[in-house]
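What follows is calculated from the coordinates using simple rules that are stated; it is not laboratory data. Keep in mind that what you see is a predicted model, and the values were worked out from it rather than measured. Neighbour counts run over all protein chains shown; Cβ positions are idealised from the backbone, glycine included.
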Amino acid sequence: MKQSAYRISFLLTVIILASCTKIDYIGESFPSTTHVDIYLSVESVEREYTVMGYMIATADDMVSVSKMQDKMMKKARGKGADGIIILGLERYQSGEKTSWSETTTEKDGKTKTSGSSSTSADEKKEIKATLIKYK
């Protein structure tokens, strides 16, 4: 019973950690803004601006792109950006996970152990963006 409770606790921890979006930012910061415009290309920005920094959001493949975008927008507002230009979305394999389980049974004084393993790819996605400040 203790083992199953430990496994459930471990799985919940893995799920919570796996659903996080990591945001890396390098650049300048300004007073927070309440609104950030989003652009999908440099050409679509019709106002004069300066580049204030660069951002990369990384998450497991199970995290939706819209949740990643929401976190990026929140971070951009916190850094004082007026706009964010999405540079691209990439998916990649960051590693593999292997799970192993085994069962030991005893019958007629003999012990029999059997096991199985499964391996799955660890998929990630990444969104790159430029943060801008209007002139």
Qualifying residues in region 60-83 (those that are touching a Ser or Thr at 6+ places or on another chain (Cβ under 7 Å) and hydrophobic (A, V, I, L, M, F, W, C)) - the one surrounded by the fewest Cβ atoms within 10 Å (Cβ to Cβ): 62
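Considering region 38-60 alone, what residues qualify as being within 22 Å of the chain's Cα centre (by Cα), under 14 Å from residue 79 (Cβ atoms) and of a type outside the set (Val, Ile, Thr)?
Taking region 38-60 and keeping what is within 22 Å of the chain's Cα centre (by Cα), we get 38-40, 53-60.
After this cut, where a residue has to be under 14 Å from residue 79 (Cβ atoms) as well, the list is 53-57.
Within region 38-60, 53, 54, 55, 57 qualify.
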Search result, residues across region 107-135 that are under 30 Å from residue 27 (Cα atoms), of a type in the set (Lys, Arg) and more than 28 Å from the chain's Cα centre (by Cα): 135
Subset of region 84-106 (residues that are loosely packed, with under 13 Cβ neighbours inside 10 Å and more than 18 Å from the chain's Cα centre (by Cα)): 98, 99, 100, 101, 102, 103, 104, 105, 106
Residue within region 16-34 that is more than 30 Å from residue 98 (Cβ to Cβ), acidic (Asp, Glu) and either assigned to a loop (DSSP other than H, G, I, E, B) or touching a Gly at 6+ places or on another chain (Cβ under 7 Å) (or both) present: yes
